[in-house]
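Throughout, read-outs are computed from the coordinates displayed, never taken from laboratory work. Source: prediction; values computed, not measured. Cβ atoms come from the backbone with ideal geometry, glycine included; neighbour counts cover every protein chain shown.
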Amino acid sequence: MLSPETLESYRGMTGTERLRLTLEMIRQEIPYLLRGTPEEVERRFERLRQENDERNRRMLQGIARTREPR
């Protein structure tokens, strides 16, 4: 979870600045994602897929709740 200060900093950025920051972070972290045996790398990426699927599921549930009649 991001700190309130970090969130506020991100809110003050333009979309271009946030994208640039995101791409830079990806470039810095890719070597670590690919380090290890093929099995370790596969497990790491599988975990990322699971986390993304769960995040997407929760977002879709939240969107569905906003469309429910009150």
So GLU68, is it more than 17 Å from the chain's Cα centre (by Cα), outside any helix (DSSP H, G or I) and of a type outside the set (S, T, N, Q): yes
The range 27-60, residues that are loosely packed, with under 10 Cβ neighbours inside 10 Å and not in a helix (DSSP H, G or I): THR37
Residue list for the range 13-26, filter: assigned to a helix (DSSP H, G or I) and among the hydroxyl-bearing types (Ser, Thr, Tyr): THR16, THR22
Residue selected from the range 1-12 under the condition out of contact with any helix residue (DSSP H, G or I) (no Cβ under 9 Å at 6 or more places or on another chain) and assigned to a helix (DSSP H, G or I), by the criterion nearest to ARG55 (Cα to Cα): LEU7
